[in-house]
Amino acid sequence: MIRINLLPDHKLTTTDRGRKSLLVGLLAVVAIAALVYLLRYVPMKGDYDRFIEQNKTLKADIQKIKKELAGNKKNDKPSFDELKKIYADEEAREVKIAELDGIRINPNHVMKELSKILTRNSPPTYDPRDGGIRPSIDRKWDPKRVWITSIKEANGNFTIVGGSQTPTDSFQLANRMQLSIYFENVNMAENVPTVDGKTNTRYTRFKLVGKVVF
């Protein structure tokens, strides 16, 4: 009787099946990875590239704006900082105008204003709408170069008599009073060189006339 051993063939068949299963599993993993790549990575890579491009464009726009804000000296264009200062100055000017429009002037204000004018480095209270400090006013002028001997006021008209070291000093006082919002129609009625009889000192005697704004 002939016997045939089939066990080796059975082992070989099992091994082949295991290899086939492993191969199928690997192919499935590769297929899934490829699918993930196509569905997730490729769109994300596209979004990333677009983001980088948009970022470059945005940076270029920012640099362009910075150059514009820096100003162009050749064309006398103001820089951003200069524009901010202009805006701040204009805002302060509007506030000052509003304050001036609300002022109700009385004699006490007038005397304080005159005292202010006769103080060094203290400009008169003026309305910015009138153009500001005029070239005729010397900012370095010392008010101690003038003195007042009498002040008279009647029905809004004033007369100020005093002395100064030179005729120019008298006009500096007159120019400051004319700029002030508290005085108007300020005129030099008299401004003549004089010699003091007691001390033999030379000085200028002046007389200012005008109107007080009440």
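The values are calculated or read from the model by the stated rules, or taken from the named source; none is laboratory data. All values derive from a computational prediction rather than experimental measurement. So basically every Cβ, Gly included, is an ideal-geometry build from the backbone, and we count neighbours across all protein chains shown.
If the condition is being surrounded by fewer than 16 Cβ atoms within 10 Å (Cβ to Cβ) and among the aromatic types (Phe, Trp, Tyr), then region 190-214 contributes only Phe214. Taking Ser170, is it surrounded by 14 or more Cβ atoms within 10 Å (Cβ to Cβ) and closer than 24 Å to Phe214 by Cβ? Answer is no for this residue.
Scanning region 145-180 for residues that are touching a residue at least 24 places away in the same chain (Cβ under 8 Å) and of a type in the set (D, E, K, R) yields Arg145, Glu153, Asp169, Arg176.
Taking region 149-191 as the range and being in contact with a Pro (Cβ under 8 Å, 6 or more places away or on another chain) and over 17 Å from Leu114 (Cα atoms) as the test, the residues that pass are Pro167, Asn191.
Taken together, the residues in region 182-209 that are among the small types (Gly, Ala, Ser) and either in a loop (DSSP other than H, G, I, E, B) or over 16 Å from Gly162 (Cα atoms) (or both) amount to 1. Check region 181-194 and report whether any residue there is in contact (Cβ under 8 Å) with a residue 40 or more places away in the chain, farther than 21 Å from Asp138 by Cα, assigned by TED's automatic domain parsing to the domain that holds Arg129 and among the hydroxyl-bearing types (Ser, Thr, Tyr). No; the residues of region 181-194 include none that is in contact (Cβ under 8 Å) with a residue 40 or more places away in the chain, farther than 21 Å from Asp138 by Cα, assigned by TED's automatic domain parsing to the domain that holds Arg129 and among the hydroxyl-bearing types (Ser, Thr, Tyr).
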